[in-house]
1. Report relative contact order for the chain in percent, whole number only (criteria: Cα-Cα under 8 Å, sequence separation at least 6).
2. Once you have a ≥ b ≥ c as the square roots of the Cα gyration tensor eigenvalues for the chain, tell me rounded if a/c is under 1.5, and otherwise prolate or oblate according to whether a/b is larger than b/c.
3. Tell me the per residue accessible area of the chain using a 1.4 Å probe; a whole number in Å² is fine.
4. Given the rule -39500 (n - 2.57) for each run of at least 4 DSSP H residues, summed and divided by the residues of the chain, what is its mean residue ellipticity at 222 nm, to the nearest 500 deg cm²/dmol?
5. With the Cα gyration tensor of the stretch 64-103 giving a ≥ b ≥ c as the square roots of its eigenvalues, does the rule (a/c under 1.5 for rounded; else a/b larger than b/c for prolate; else oblate) give rounded, prolate or oblate?
6. Quick one: length gained pulling Ser62 to Asp11 fully straight, 0.36 nm per residue minus the C-alpha distance?
7. What's the center-to-center distance, using Cα atoms, between the stretch 8-47 and the stretch 53-69 in Å?
8. Could you order peptides 61-68, 11-18 by the average number of other Cβ atoms within 10 Å of their residues, highest first?
Amino acid sequence: LQSGVLDHLFDSMLQHASNAEVQGRACGALRNIAIGSSEQKERLLQAGVLDRLFNLMSEHASDAGVQENALGVLLNLSSASNQHDKLLRAGVLDPLFNSMSKH
């Protein structure tokens, strides 16, 4: 994370916002980062990962791969009990239920 990987991932996601394959792969990388330490989870949250995930889940609602990887990020973030309130306050339930209702 110190090498600026989040900035590169977010830039790629922005530059290729309509490309579901790029979004899914970027979410896969974020999912791998989110499985790490509590510090990594906090850095993702501070970088605004939730808003980005919620937006791409909405934009690519019909793409199962994007949904699966985005939900994987949310799952991994939620594995730290100190993050539960942050996730709920950020509105994680709506995108979660929307994804579940379509897939």
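The values are calculated or read from the model by the stated rules, or taken from the named source; none is laboratory data. If you're wondering where the values come from, they're calculated on a predicted model, not measured in any experiment. Every residue, glycine among them, receives a Cβ derived from its backbone with ideal geometry; neighbour counts consider all protein chains shown. Just the protein is used for accessible areas: all its heavy atoms, side chains included, with ligands, DNA and RNA removed. Shrake-Rupley method; radii C 1.70, N 1.55, O 1.52, S 1.80 Å.
1. It rounds to 30 percent for the chain.
2. On the way: a/c = 1.83, a/b = 1.10, b/c = 1.67.
Taking the square roots of the gyration eigenvalues as a ≥ b ≥ c, the chain is oblate.
3. Ligands and nucleic acids excluded, the result is 57 Å² per residue.
4. It lands at -22500 deg cm²/dmol.
5. On the way: a/c = 3.24, a/b = 1.59, b/c = 2.04.
Taking the square roots of the gyration eigenvalues as a ≥ b ≥ c, the stretch 64-103 is oblate.
6. 16.1 nm
7. Going from one Cα centre to the other spans 13 Å.
8. Details: 61-68: 17.0, 11-18: 13.0.
Answer by packing, highest mean first, reads 61-68, 11-18.
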